[in-house]
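Below is one structure, written out as structure tokens; comments come after it.
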Amino acid sequence: MNSTPAFSRAARTLASVFVLAVLLTPTLAAAQDVAVNLVSPGTVIAKGAGVDLTVQVACKSPPFLPGPEANGLNVFSGLTERVGDKATSGEGASVSQPITCNGLPQTFETVVTPFNGGRFGPGTALAVVSVSVFTPGFVFAESAQQMQQIKLAK
């Protein structure tokens with residue numbers, strides 16, 4: 001009788017893995033239709049109160065759209081830099097930017113501002129950027145992420 005609970009647990013686990021695999025498959029396939037490139041260096045602005053990041057995004061038209069109509073793009077970014085004996089972190093966003101999904105790279109700017117009054121400075125930082133592409137009706141279509149070390153310059 002102890003095999004029944006173990007069997008049920010195993011069956012539930014297998015079913016959960018299957019459902020998760022089915023749900024993630026379209027997302028993973030869609031991510032191949034968006035490419036993101038974080039351009040180094042980032043530019044320290046306003047005496048360290050922010051960093052201007054340049055992001056290049058290329059996307060293909062999702063299969064459920066008739067062509068490369070103007071879509072929406074959200075860019076979310078984060079940055080961590082060691083300045084002196086402290087680490088300074090911050091985040092930024094650029095939302096509802098127009099993008100045409102024709103496979104060609106397009107350039108976007110986003111500003112990262114530090115948390116808790118910290119300051120960024122020239123040097124090296126760890127940056128992460130996440131982009132999400134939306135259809136003309138603002139239905140989520142595709143996403144991509146990139147994390148890399150970048151230079152920060154004045």
Exercise for the section: Any chance you could count how many residues in segment 98-118 are within 19 Å of Gly78 (Cβ to Cβ) and either surrounded by 13 or more Cβ atoms within 10 Å (Cβ to Cβ) or among the charged types (D, E, K, R) (or both)? Expected result: 8
Exercise for the section: Output the qualifying pairs, or none if there are none: Cβ atoms under 6 angstrom, residues six or more apart or on different chains, first residue in segment 129-145 and farther than 12 Å from Asn74 by Cβ, second residue of a type in the set (Gly, Ala, Ser) and buried (at least 19 other Cβ atoms within 10 Å of the Cβ). Expected result: Thr135/Ala141
Fill in the blank from the handout: Among the residues of segment 119-139, the number that are surrounded by 13 or more Cβ atoms within 10 Å (Cβ to Cβ), farther than 15 Å from Val57 by Cβ and either modelled with pLDDT under 90 or not assigned by TED's automatic domain parsing to the domain that holds Asn74 (or both) is 1
Handout entry: Check on Val83, surrounded by 13 or more Cβ atoms within 10 Å (Cβ to Cβ), modelled with pLDDT of 90 or more and among the β-branched types (Val, Ile, Thr)
Key = no
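The values are calculated or read from the model by the stated rules, or taken from the named source; none is laboratory data. This is a predicted model, so every value here is computed, not measured. Glycine also receives a Cβ, built like all others from the backbone with ideal geometry; neighbour counts cover every protein chain displayed.
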